Amino acid sequence: MDTTTTSSPSPEQGEVRLSLSSQIVLNKVPVEIYQPQTAVDRSELTRMEKISTDIFVNQEQGSRHIADVIESKIRARQQDGKYCVLGLGTGLSLTPVYQELIRRHREEGLSFHNVVVFNAYEYFPQTEGTSNSSISQLRSRFLDHVNVPPQNIFSPDGTISQEHIQALCRLYEQRIQSFGGLDIVMLGIGRIGNIATNEPGSTLTSTSRIILIDPLTREEMTMSFGNNEPVPPCSITMGIATILSAKKIFLVAWGEEKADIIQQTIEGPISDQLPATFLQTHNDAHVVIDLSAASKLTRIVHPWLVKSCQWNDKLVRSAVVWLCQVTGKPILKLTNKDYNENGLSELLALYGSAYNANIKIFNDLQHTITGWPGGKPDADDTYRPERAKPFPKRVIVFSPHPDDDVISMGGTIQRLVQQGHEVHVAYETSGNIAVGDEEVTRFMHFINGFNQLFGESKDTVITQKYNEIKDFLAQKKTGDMDTRDILTIKGLIRRGEARTASTFNHIPLSRVHFLDLPFYESGKIEKLPMGVADVRIVQKLLHELQPHQIYVAGDLADPHGTHRKCTDAVLAAIDEERKAGAAWLNDCRIWMYRGAWAEWEIENIEMCVPMSPEELRAKRNAILKHQSQMESAPFLGNDERLFWQRAEDRNRATADLYDKLGLACYEAMEAFVEYKPLS
């Protein structure tokens, strides 16, 4: 796997690098592809793109770019003695931009005294004084930290009666016009292509109005709330026509979880089923994204379709696999004609013929397949993903939640154990907020019954605690945070399930480690920042075990964010061990897996472990040991399949892809990408 870093200076010896996952780039994209230097290059590269798109290495660079434009407009309006009118959203994607503007206000004297702000939407209905309003989020993330005059801040009122909403919306539109219209609108994009809360079905001519919020959008907004409060069912939002009336529009997105919707917005047809595509009709709309969010754009993923390429092994593999999918042929049946007719004649010139290119990629992919994920002893490992020696190996599987290990790589864990390796599983978080209250009630009934049958009559502690918890759950309202006692019980439930699954996989309980990283223990959906304390816990385990193999979560698009923080903790701990001169790292390989949310693209796969029907069934049985995460799991997301179903579908799809490419026909396969620590 290729990794890249920004041009920032190397950290001091004592500085812990807490966001190394943001520097993972599976395919190095040449700078001239995502930041063309001339108008001619940009015209050629962006021929598939229908909205002006600016791609940056990371969100910090992208945020500075937007802040530059906003600052320039504010200062220009100040010189003219006029207001600068901003329409602002509250999505988490915008937070880095707000932080940069706040920094400029505090450190560089940027004044907002002439700024007028219109909030893009507000939840409805609401009660007076609620802390979970859109405007309260905008205040806490931005307005409370700069000097926008209070009288210059406007927002729809989510507390008014429904019969007054239409009049409020007309007044809102009139107020925007009274200030000369919106100079700049800055919005995030939802997973279903909504901008503000213009849901699918919104029309090009829609103005400010009340709208029913889509269930998926409500789930996304719950993450923005950062607590367990339910999102109101409706919103009063700026309409599509209101947004398009702005002189300039920024649509902001970061991370691979937004890559699909960004590609559809920028390159797809205009459709009211994807409201963000209406921005294609604006003459000064700009999409600002990082490389991860840009990863599905044609110029990034299929650059050969827009210009001549600088070919490397991964790009060649990607192009040949794409050609197989376009033609419906396996690799070894591709012809010179197939390459020529689909814009890949450069590869014929590079390899001399389709046959030579086919054999090269066929062998590359064939060498990723192994039934020996820990390395095959006494075998030639020249073309194997893993080393033959040392054997057996000490292995640590880091699992963000207490079931990600079996969901993501349950078949591989079985192989590692069966082949004699010393397998340890480290559960990084308690996973306590993902346990339903009915599970607590069920276990409390058991504990109470056990106490009545076998407890001493003088011991009233369990009975008292049982009654306290029973009373709390009986009175608990939607959105109420659990008590620490209940969170502890929920954590114990998940520990018990993890132990059962590990025992099922023949992993001794002495090799099962519960790290309970502190960042997770907020009791809310939004977790605390991952910090040095989390890193030291992971580092201690690594230092004690000194593994030869590490498996870590690579599905950084996990919609709840925990996986990324857990992976950052592991990568930071490895980095700290490297800085300390740990010799064990010289003989250790780090593999990244993916789980319930996505799979590695085949051009990036470096190890693929096949499973027989019996092995896949055993993997399912291990997942089913996590009973609290079956039908009652609170965070299944918009995908109605249960976790074991997602895992099987993903593993079968990977095997099917290898089969269609003409490689091998297996029941299922688990895929991995190697991570090479940054220097």
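Suppose every K and R has +1 on its Cβ and every D and E has -1 on its Cβ; what is the size of the dipole of the chain about the Cα centre, in Debye to the nearest 20?
Computed charge dipole of the chain: roughly 420 debye.
Once every DSSP H run of n ≥ 4 in the chain is given -39500 (n - 2.57) and the sum is divided by its residues, what mean residue ellipticity at 222 nm do you get, rounded to the nearest 500 deg cm²/dmol?
Calculated from helices alone, the mean residue ellipticity at 222 nm is -12500 deg cm²/dmol.
So between Glu15 and His445, what do we pick up on full extension, going 0.36 nm a residue minus the alpha carbon distance?
149.9 nm is the gain from fully extending Glu15 to His445.
Give the residue from Gly449, Thr222, Leu344 lying farthest towards the positive end of the charge dipole for the chain; charges sit on Cβ (+1 for Lys and Arg, -1 for Asp and Glu) and the dipole is referred to the Cα centre.
Of Gly449, Thr222, Leu344, it is Leu344.
Looking at the range 50-157, which GluC sites (Glu not before Pro) are DSSP coil and have at most 13 other C-beta atoms within 10 Å of their C-beta?
Values: sites: Glu60, Glu71, Glu100, Glu107, Glu108, Glu122, Glu128; in loops: Glu128.
The qualifying sites are Glu128.
Mean separation of Cα pairs under 8 Å and 6+ residues apart, divided by the residue count of the range 122-173: what relative contact order is that in percent?
Relative contact order, the range 122-173: 47 percent.
So between Ile462 and Arg620, what do we pick up on full extension, going 0.36 nm a residue minus the alpha carbon distance?
53.3 nm is the gain from fully extending Ile462 to Arg620.
Keeping all protein chains in place, calculate the accessible area per residue for the chain (probe 1.4 angstrom), answer in Å².
Normalised by residue count, the accessible surface of the chain is 42 Å².
In the range 351-391, which residues have a backbone nitrogen under 11 Å from the label point lying 7 Å from Asn336's Cα in the Cα-to-Cβ direction?
Those under the cut-off are 352-355.
Enter the Cα centre distance for the pair the range 260-288 and the range 95-120, rounded to the nearest angstrom.
About 27 Å separates the Cα centre of the range 260-288 from the one of the range 95-120.
Give the accessible area for His543 in Å² (nearest 10); use a 1.4 Å probe, count only protein heavy atoms, and leave out ligands, DNA and RNA.
Solvent-accessible area, nearest 10 Å²: 100 Å².
Identify all lysines with a Cα-Cα distance to Lys314 below 21 Å; exclude those on the same chain that are fewer than 8 residues away in sequence.
Output for Lys314: Lys28, Lys296, Lys329, Lys333, Lys360, Lys660, Lys676.
Could I have the simple spin-label model distance between Ala582 and His164, label points 7 Å from Cα toward Cβ, reported in nm to one decimal?
The two pseudo-label positions are separated by 6.1 nm.
Per residue, how big is the convex hull of the range 272-379 when only Cα atoms are used? Give it in Å³.
Convex hull volume per residue, Cα atoms: 196 Å³.
Let me have the relative contact order for the chain, percent, based on Cα pairs under 8 Å that are six or more residues apart. Provide the component values of the computation, followed by the final result.
Working: 1176 pairs, mean separation 94.0, N = 679.
Over the chain, the number comes to 14 percent.
Kirkwood Rh over Cα pairs of the chain into Stokes-Einstein at 4 °C, 1.567 mPa s: D in µm²/s?
Using the Kirkwood radius from Cα pairs, D works out to 47 µm²/s.
Please report the Cα spread of the range 15-174 along all three principal axes, rounded to whole Å, starting with the longest.
That works out to 54, 42, 39 Å along the principal axes.
Loop only by DSSP, 14 or fewer other Cβ within 10 Å of the Cβ. Give me the chymotrypsin sites (Phe, Trp or Tyr not before Pro) in the range 383-469 that pass, ordered by residue number.
In loop regions of the range 383-469 (DSSP not H, G, I, E or B), the sparsely surrounded chymotrypsin sites (Phe, Trp or Tyr not before Pro) are Tyr383.
At a 1.4 Å probe, what is the % contribution of carbon and sulfur to the accessible area of the chain?
About 51 percent, which is the carbon plus sulfur part of the accessible surface.
What lysines does Lys247 reach when the alpha-carbon gap must be under 17 Å and sequence neighbours fewer than 8 apart in one chain are set aside?
Correct list for Lys247: Lys73, Lys82.
For the range 206-343, what is the charge dipole size about the Cα centre, in debye to the nearest 20, if Lys and Arg each add +1 at the Cβ and Asp and Glu each add -1 at the Cβ?
That gives the range 206-343 a dipole magnitude of about 500 debye.
Just how much of Leu204 is accessible, in Å², when a 1.4 Å probe is used and the result is rounded to the nearest 10?
Approximately 80 Å² of Leu204 is accessible to the 1.4 Å probe.
How high is the FRET efficiency between Thr205 and Lys470 when r is their beta carbon distance and R₀ equals 56 Å, given to the nearest 0.05?
Numbers: r = 55 Å, r/R0 = 0.98.
For Thr205 and Lys470, the calculated efficiency is 0.55.
The values are calculated or read from the model by the stated rules, or taken from the named source; none is laboratory data. Since the model is a prediction, treat every value here as computed from it, not as a measurement. Glycine also receives a Cβ, built like all others from the backbone with ideal geometry; neighbour counts cover every protein chain displayed. The area values use the complete protein model at the heavy-atom level, side chains included, leaving out ligands, DNA and RNA. Shrake-Rupley method; radii C 1.70, N 1.55, O 1.52, S 1.80 Å.
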